[in-house]
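Contents: one structure, followed by commentary.
The values are calculated or read from the model by the stated rules, or taken from the named source; none is laboratory data. Every value quoted in this text rests on a predicted model; they were computed, and no experiment measured them. FYI the Cβ positions are ideal-geometry reconstructions off the backbone, even for glycines, and counts take in every protein chain you see.
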Amino acid sequence: METPVHAEHILSLHELVTGTADINAILQGVTGFASTAMSRAAGEQIDCALTLRRRKRTATVAGSSDKAILLDHIEQDLGQGPCLDALDQGRPLLLDDVATDVSWPEYSRALAAEGCHSALGVPMDLGETSEAVLNFFAPKPGLFTPDVINEAAAFAHVAGSALRLAIRIETVEQLNTDLKTAMATRTVIDLACGAIMAQNRCTQEEAFKLITKASSHRNEKVHKVATDIITHVGGAAEGSLHFED
């Protein structure tokens, strides 16, 4: 049975996903909710960063504060830390005390230099095409107790479901945009072919070959050549459009 805190998470994240169109703004919102939830659980200010990785895209980092983003970038640059290992291993990993934990020595020193003394990495389940991890930062060692870690894992589970939905919505919208672009491109090319067919009295196949030949000669995309043809036909008061095979 979910606690009222978890019900609050679900409601807030649902409103965030359904009310926000930009994925970066959603990531930012998730880190804000995560920071609030973990600060309440730990009794101290806990900052949060989120790293999202998707196929054929650069990693996206959001944070509840500039410091959280800085600490996350330091871990990415060093290539070591609980966040990265949690992502690889698929389970929460804790750096309890930078003064005594030897698991990630360089990162521990970097955290200490920035006034952070403990960190927790919690992965999020986003399916096969994406992966994400929450990185929590504490000003004191020992704040990430087993109960707090369980709370972080529960939040990551709920947030992961919301983020999966947001990514799917964005993917569908992008596919729709790509389809419209492809249809517009096809329309321009068809119109250009029609103009050449009328001027040169040739077939559509022959007209398209003339466009692709011009594209190759000019080192321009077929769509650009077709657009130029339509512009010429629409703006020319006299003369004719003629392509030599």
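If you go through the range 113-150 and keep only what is more than 27 Å from R55 (Cα to Cα), of a type in the set (S, T, Y) and under 28 Å from the mean Cα position of the chain (by Cα), you end up with just S118.
Mind checking whether some residue in the range 72-84 is closer than 21 Å to V148 by Cα, part of a helix (DSSP H, G or I) and in contact with a Cys (Cβ under 9 Å, 6 or more places away or on another chain)? For the range 72-84, residues closer than 21 Å to V148 by Cα, part of a helix (DSSP H, G or I) and in contact with a Cys (Cβ under 9 Å, 6 or more places away or on another chain): present.
This table checks each residue for (1) modelled with pLDDT under 85; (2) surrounded by 15 or more Cβ atoms within 10 Å (Cβ to Cβ); (3) not small (G, A, S).
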| residue | (1), (2), (3) |
| --- | --- |
| V17 | yes, yes, yes |
| D22 | yes, no, yes |
| V30 | no, yes, yes |
| D66 | no, no, yes |
| D77 | no, no, yes |
| A86 | no, yes, no |
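Residues of the range 88-113 that are outside any loop (DSSP other than H, G, I, E, B) and either under 17 Å from L134 (Cα atoms) or in contact (Cβ under 8 Å) with a residue 12 or more places away in the chain (or both): D88, Q89, L93, L94, L95, E106, Y107, S108, A110, L111, A112. Scan the range 204-230 for residues that are surrounded by 12 or more Cβ atoms within 10 Å (Cβ to Cβ) and either of a type outside the set (D, E, K, R) or outside the structural domain of V188 (by TED's automatic domain parsing) (or both) and the total you get is 15.
Can you tell me which residues in the range 124-158 are in contact with a Cys (Cβ under 9 Å, 6 or more places away or on another chain) and part of a strand (DSSP E or B)? If the condition is that a residue be in contact with a Cys (Cβ under 9 Å, 6 or more places away or on another chain) and part of a strand (DSSP E or B), then V133, L134, N135, F136, F137, A138 are the ones that fit.
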